[in-house]
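Here's the structure we're looking at; comments come further down.
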Amino acid sequence: IPHPTAPPPRLIPHPKEPKPAPVPKTAPSARKKPEPAVASARNRYVESKQHWLEKLAGRPAPARAAALLPDLKRTFRAEGVPPELVWQAEAESTFNPAARSPAGAAGLYQFMPATALQFGLRLSPQDDRLDALKNARAAAKYLKLLHGRFGNWPLALAAYNCGQGRVAGVLNKTGGKTFDDVHDLLPAETRMY
């Protein structure tokens, strides 16, 4: 029995056995991208309204939504944001005020710490992001700011999802003015958002 602190024995290949060929490492950027036709077909399927209608048919709204919706809609209206946009909380957190993402976002509308502070949410001693109404008020203010910057709600929602810098960059690069103008250049998650 080898001593517990002894290094593990080295495996030496038999002299008559060929050494295995080294496995080439491919950098993430060197990985082959799907053919344009394949990527396009995949995007059409993922973005198909019919696909999502079938997938969501009969699925009830999250249980917490009924209790939260009246106050959320009132909050959005008070900020001048269409009350229908409160449903963004379903995409962000399935209406769970205590939701946390691995990236550090929290609350109904998934605020990252820096954005939360920018919109008046405290992180300590209590995390205001976990207060449904404070989180909703901040989300409405943020959406209103994004609407003011981009001029329409689809672009405001896209910027909320993937970042205003990214949306602004794509608009500047293409000269686009609407979501439809830049749709294909945004991440798939944002296109579905």
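Using a cutoff of 8 angstrom between alpha carbon atoms and counting only pairs six or more residues apart, the relative contact order for region 96-193 works out to 16 percent. Placing dummy labels 7 Å off each Cα toward the beta-carbon, the span from LEU69 to ALA114 is 3.6 nm.
Ordering 128-134, 92-98 by mean Cβ neighbour count within 10 Å, with the highest value first, yields 128-134, 92-98. The residues neighbouring ARG122, those whose beta-carbon lies less than 12 Å from its own, together hold a net charge of -1 under the Lys/Arg +1, Asp/Glu -1 convention. The apolar share of the surface of region 105-193, taken as the fraction of accessible area on carbon and sulfur atoms (1.4 Å probe, ligands and nucleic acids excluded), comes to 51 percent. In this structure, ASP184 and ALA61 have a Cβ-Cβ separation that, at R0 = 30 Å, corresponds to a calculated FRET efficiency of about 0.45. Sorting 168-175, 180-187 by their mean Cβ neighbour count within 10 Å, with the most densely packed peptide first, gives 180-187, 168-175.
VAL81: net charge of surrounding residues, Cβ under 11 Å, Lys/Arg +1, Asp/Glu -1, itself excluded? Taking every other residue near VAL81 into account, the sum is +3. Let me make sure I get this right: for region 48-193, a, b and c are the square roots of the gyration tensor eigenvalues over alpha carbons, sorted descending. Under 1.5 in a/c it's rounded, otherwise prolate if a/b > b/c, else oblate. Which is it? Since a/c reaches 1.5 but b/c is at least a/b, the shape of region 48-193 is classed as oblate.
The values are calculated or read from the model by the stated rules, or taken from the named source; none is laboratory data. Remember, predicted model here, so these are calculated numbers, not experimental data. Counting neighbours? That spans all protein chains shown, and the Cβs are built from the backbone with ideal geometry, glycine included. Note: accessible area is taken over every heavy atom of the protein model, side chains too, but ligands, DNA and RNA are not part of it. Shrake-Rupley method; radii C 1.70, N 1.55, O 1.52, S 1.80 Å.
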